[in-house]
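The values are calculated or read from the model by the stated rules, or taken from the named source; none is laboratory data. Worth saying up front: this structure is predicted, and the values here are computed from it rather than measured. Methodologically, a virtual Cβ is constructed for each residue, glycine included, from the backbone with ideal geometry; neighbour enumeration extends over all protein chains shown. Ligands, DNA and RNA are excluded from the accessible area calculation, which covers all protein heavy atoms including side chains. Shrake-Rupley method; radii C 1.70, N 1.55, O 1.52, S 1.80 Å.
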Amino acid sequence: MNFYDVVRNRRSIRSFKNTPVPDETARRIAAAVNAAPSACNLQPVSFKFIRNADLRARLAACCKQEFPAEAPVILAAIYDPEKSWKREDGFNSADTDMAIAMEHAVLAATAEGLGSCWVCAFDPVKAAEVLGVDAPCRVAALCPMGYPAAPPREFIRKEESQIFEVID
Ligand SMILES: Cc1cc2nc3c(=O)[nH]c(=O)nc-3n(C[C@H](O)[C@H](O)[C@H](O)COP(=O)(O)O)c2cc1C
């Protein structure tokens, strides 16, 4: 798949086959994540690619929806807001750095034929307990992934002209 096919094929998938995700796939996703830019190249985000059934079940129980329990992998993004770049006005780049790295993971997963879905509807305190993450570090996002068992929802977007303007 070329880049634009990957971008266009990426959709949120909320139903997964029970097929395991192999090590080589995990390694290629790791390389894509590690290639993500971050402010001042500080890389304040780390990821756990969780295949362990017990940990997955306990993480899924932190989510507001049922579908994460079906996924053979839950990718967890963790960041340390004290190790990210800060601007004079208080802006902290940790969330931005995390979002870019997570999207690299999601696009790499798409290129690997995996479906995935960003999940922010979870209890971050419970998820931190499950993963043994201590303050100031935070579990910032979860992403269940696996081979899709059902198609995505309808593709709905604004008109491009509403969100993108070329100014000469
Ligand atoms: C930051 C973020 C958080 C999200 N959290 C959830 C979530 O908790 N549960 C869920 O089912 N989908 C979640 N989504 C998926 C969005 O609902 C989805 O991306 C959007 O509806 C567009 O659909 P698409 O991804 O299939 O193109 C999240 C997406 C993003 C980017």
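Overview of values
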quantity: Loop trypsin sites (Lys or Arg not before Pro), region 69-123, which have at most 16 other Cβ atoms in a 10 Å radius of their Cβ (DSSP); calculated: 83, 87
quantity: Chain lengthening between residue 96 and residue 155 when straightened (0.36 nm per residue, less Cα-Cα); calculated: 18.8 nm
quantity: Among 60, 77, 36 the positive-end extreme of the charge dipole of the chain (Cβ point charges); calculated: 60
quantity: Percent accessible area from carbon and sulfur atoms, region 27-151, protein chains only, probe 1.4 Å; calculated: 54 percent
quantity: Low-density loop positions, GluC sites (Glu not before Pro), region 58-156 - DSSP coil, at most 15 other Cβ in 10 Å; calculated: 66, 82, 88, 154
quantity: Proximal charge balance of residue 138 [Cβ under 14 Å; K/R count +1, D/E count -1]; calculated: -4
quantity: Summed residue charge, Cβ within 13 Å of residue 129's Cβ, Lys/Arg positive, Asp/Glu negative; calculated: +1
quantity: Prolate/oblate/rounded label for region 42-97 (Cα gyration tensor, a/c 1.5); calculated: prolate
quantity: Net charge of neighbours whose Cβ lies under 9 Å from the Cβ of residue 84, counting Lys and Arg as +1 and Asp and Glu as -1; calculated: -2
quantity: Residue 17 accessible area, 1.4 Å probe, all protein chains in place, Å² to nearest 10; calculated: 110 Å²
quantity: Amide H partners (placed H, <5 Å) of residue 141, local residues excluded; calculated: 77
quantity: The chain shape via C-alpha gyration tensor axes, a/c threshold 1.5; calculated: oblate
quantity: Ordering of 116-125, 5-14 by burial proxy (mean other Cβ atoms within 10 Å per residue, highest first); calculated: 116-125, 5-14
quantity: 3J(HN,Hα) from dihedral phi, region 105-112, Karplus parametrisation 6.51/-1.76/1.60, rounded to Hz, x for glycine, proline; calculated: 4, 5, 5, 4, 4, 4, 4, 8
quantity: Dipole axis of region 3-148 (+1 Lys, Arg; -1 Asp, Glu on Cβ), positive-most option in 9, 105, 94; calculated: 9
quantity: Nearest-20 debye value, the chain charge dipole, Cβ charges on Lys, Arg, Asp, Glu; calculated: 540 debye
quantity: Residue-wise HN-Hα coupling along region 50-62, computed from phi with Karplus coefficients 6.51, -1.76, 1.60 (Hz; x: Gly, Pro); calculated: 9, 9, 4, 5, 5, 5, 4, 5, 5, 5, 4, 5, 7
quantity: Exceeding the 26 Å Cα-Cα cut-off - candidates 86/158; 48/83; 17/64; 17/48; calculated: 86/158
quantity: Part-to-part distance (alpha-carbon centres) for region 37-68 and region 91-168, which is given in Å; calculated: 10 Å
quantity: Contact order relative to length of the chain, as percent, for alpha carbon pairs under 8 angstrom and 6 or more apart; calculated: 35 percent
